[in-house]
1. How about the stretch 156-212: which GluC sites (Glu not before Pro) there lie in a loop by DSSP and see at most 16 other Cβ atoms within 10 Å?
2. Amide H of Leu238 versus every other amide H placed in the peptide plane: which residues, excluding those fewer than 5 positions away on the same chain, fall under 5 Å?
3. Out of the trypsin sites (Lys or Arg not before Pro) in the stretch 148-220, which ones are loop residues according to DSSP with at most 16 other C-beta atoms within 10 Å?
4. For every other residue with a beta carbon closer than 9 angstrom to the beta carbon of Tyr244, add +1 if it is Lys or Arg and -1 if Asp or Glu, then tell me the sum.
5. Which net charge results when you count Lys and Arg as +1 and Asp and Glu as -1 among the other residues whose beta-carbon is under 14 Å from that of Lys266?
6. Hey, what's the Cα Rg ratio for the stretch 97-267 versus the globular rule of thumb, 2.2 N^0.38 Å?
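Read the figures in this text as sums done on the coordinates, not as results from a lab. Please read all numbers here as calculations on a predicted model, not as lab measurements. Counting neighbours? That spans all protein chains shown, and the Cβs are built from the backbone with ideal geometry, glycine included.
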Amino acid sequence: MKVLEKIFSVKNSENRSHKVFTILGLKFKFKLKDSNIINILLENNKLIRKNQRLLNKIEKRMYMLDIPLDYKKFWINDDLQNIIPLNWGKYPEGFNPGEVISKEILKDIPYNTIVDFGCGYGRLSENFNPKKYIGIDLNSKALEKAKENNPEYNYLEINIDSEYPKCDIVFAYTVFLHNDDKTLKSILCRLKNTNCKYIMIADIMSKNWPENIIPPTYHRSVEEYNTLMSDIGFSLILEKRYPYKRYAESAEFNHLNTDMSFLLYKQD
Ligand SMILES: C[S@@+](CC[C@H](N)C(=O)[O-])C[C@H]1O[C@@H](n2cnc3c(N)ncnc32)[C@H](O)[C@@H]1O
């Protein structure tokens with residue numbers, strides 16, 4: 001955070017929800033709320049050094065425009081706060097997504113090994129046979145919790161550029177929308193190396209949702225996912241949509257598409 005102590009220029013961006021600060025030649029985008037905190041901090045450099053908690057908060061909300069965000073660091077610092085929307089119970093969706101995946105989307109597909117990509121604290125694990133399941137995630141803190149919650153299941157901490165375990169099926173439930181295009185393309189190439197025959201992606205797929213939020217979010221349409229998947233030799237064989245209760249019932253989001261789309265792709 002030392003860079004924050006040397007601000008060369010501050011300017012408003014055209015987007016009214018955030019401010020862009022140029023710090024040591026790099027552009028950083030902050031939510032307006034946080035940029036006010038920064039203005040106060042900048043008025044007193046000693047305060048900056050003393051107030052580590054505020055600095056951590058700012059760092060967490062910091063979006064680097066010119067250099068990619070360190071996703072692993074983001075998710076570990078975030079602890080368990082954004083694994084699912086807070087204060088809506090275990091299933092803010094209003095349904096159990098693990099049950100939808102295991103009993104509907106994948107019900108007719110036999111497999112020996114299934115990878116839960118971005119498993120968080122293992123919320124969906126119990127819907128799968130522990131002998132066939134591997135949960136993988138960047139967030140070591142979430143994985144500790146997953147092991148505590150489900151001691152008989154296997155979990156593996158990975159890095160952003162890790163190779164993934166060999167398997168027959170991969171599912172990523174609300175994970176890919178938190179990765180930018182470049183990162184996602186690299187993830188998909190490495191998923192192909194797992195020799196899996198099926199990949200299931202579930203996200204809210206709509207272009208109108210706000211971006212530059214916490215956690216980092218990059219909304220894509222079904223067509224965009226189809227193109228990305230066709231590039232690694234996978235085609236869409238099944239699509240299902242379920243309304244996501246927490247968003248469908250919120251005045252902030254209910255004018256947008258609040259359906260959770262489940263897309264199942266098969267290797268060509
Ligand atoms: C919104 S949470 C969803 C967690 C879980 N699928 C669930 O529904 O309970 C997204 C999870 O994906 C993980 N994640 C994000 N990007 C990842 C990546 N590139 N590789 C592995 N895990 C990732 C995060 O650490 C986080 O635990």
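1. Hits after loop and neighbour filter: Glu163, Glu211.
2. The list, which skips near neighbours in sequence, is Leu264.
3. Lys166, Lys197, Lys207
4. With Lys, Arg at +1 and Asp, Glu at -1, the neighbours total 0.
5. -2
6. Its radius of gyration relative to the 2.2 N^0.38 Å reference: 0.99.
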